[in-house]
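Colleague: There's a structure below that I have some questions on.
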Amino acid sequence: MAYTGKVALVTGAGSGMGQLATRNFAAAGAKVAALDIDEAGLASTKGEEQKIHCHTVDITDFDQLKQVVAEVESELGPIDRVFNCAAIMPLGALLEQEPETMHRLMRINFGGLVNITHAALPGMLKRDVGDFVSFASMAGLMPTLYTGAYSATKAAVAFFNETLYHEHLDSGVRFASVCPPVVNTPLLQQGRDTRWPKMLDLAPPLEPQVVLDEIERCLERGKFLVLPTKNAKQGYWARRLIPSGIWKQVHKVEGC
């Protein structure tokens, strides 16, 4: 079932998955608060759509983010869906990446989730309704060479999502932790511009709409963990059952 709520908030709305989700929600009739640090990207997302309301915000700045959430609820109404899509993805061997790059990854990918959770979720819980959707990644469940820092941030997101879900099982808020494999969004270019693992080329990138459609199906079915493809499901179980076998395959593919 498509989203039928009234007010959605999307982080990372200036490109990729966040941009498409924002446009989808507006097309479904919702008012959408589109958040991103990229002002030009937000302008592209909005186009001529009057239901999209853009906010240039740094998700790592909690005070700024909290103020924006308050403004959204004052101007548009109570938020009934959050999509946390904001992320960066520079890749590289762990001793090749600068420490500041790794810290920045954690501030945005994990710290941003912490901030939007504290800014937006309490109101949803108080109203006992809504959807809280956060993007982890298969990279957070199944690491490979050259994704170590990025995978660490997404593993943190995955565990945070899971704990948050279980701490609020009896609420009226639905939670989803989205763990797609490689998706065809501009985020990939950050990886390709740094150090791209051969493992990530074993299957063609998914189209973003496939992931968004699977999120809706999982929410309707009460499924917390969103694994959008058969390969993602197989990878999830392989990592749990035969981790050493996964690493053997990684080294074979990477040639090291």
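No value in this document is a laboratory result; all are computed from the given coordinates. On a predicted model such as this, the values are computed, not experimentally measured, just so you know. As a convention, Cβ positions derive from the backbone with ideal geometry for all residues, glycine included, and neighbour counts pool all protein chains shown.
Colleague: Excluding same-chain residues fewer than 8 positions from residue 223, which lysines have a Cα within less than 24 Å of its Cα?
Modeller: 6, 126, 154, 233
Colleague: Still on this structure: Between residue 170 and residue 6, what is 0.36 nm times their sequence separation minus the Cα-Cα distance? Round to one decimal in nm.
Modeller: So the extension gain works out to 56.8 nm.
Colleague: Assuming R0 = 22 Å, what is the FRET efficiency of residue 40 and residue 189, from their Cβ-Cβ distance, to the nearest 0.05?
Modeller: With a Förster radius of 22 Å, E is 0.85.
Colleague: Determine the relative contact order of the chain: mean sequence separation of Cα pairs under 8 Å and six or more apart, normalised by residue count, in whole percent.
Modeller: After rounding, I find 18 percent.
Colleague: While we're here: Counting only the backbone N, which residues of segment 215-256 are under 14 Å from the spot 7 Å out from the Cα of residue 162 toward its beta-carbon?
Modeller: Counting only backbone N, you get 224-227, 236-241.
Colleague: Hey, another quick one. Give me the net charge for the shell around residue 37: Cβ to Cβ below 13 angstrom, other residues only, Lys and Arg +1, Asp and Glu -1.
Modeller: Charge balance in the 13 Å sphere: -3.
Colleague: Karplus couplings for segment 55-62 from phi (6.51 cos²θ - 1.76 cosθ + 1.60, θ = phi - 60°), rounded to Hz, Gly and Pro as x?
Modeller: Calculated HN-Hα couplings, in order: 9, 7, 8, 8, 5, 7, 9, 5 Hz.
Colleague: While we're here: Would you calculate the separation in nanometres between label points at residue 74 and residue 239, each defined as 7 Å from the Cα along the Cα-to-beta-carbon direction?
Modeller: Spacing of the two 7 Å Cα→Cβ label points: 4.1 nm.
Colleague: Further question: Mean residue ellipticity at 222 nm from the helices of the chain, using -39,500 (n - 2.57) per DSSP H segment of n ≥ 4 over the full residue count, to the nearest 500 deg cm²/dmol?
Modeller: The per-residue figure over the chain is -15000 deg cm²/dmol.
Colleague: Report the extension gain between residue 207 and residue 125 in nm, rounded to one decimal, defined as 0.36 nm multiplied by the number of residues separating them, less their alpha carbon distance.
Modeller: Here the segment from residue 207 to residue 125 would lengthen by 26.3 nm.
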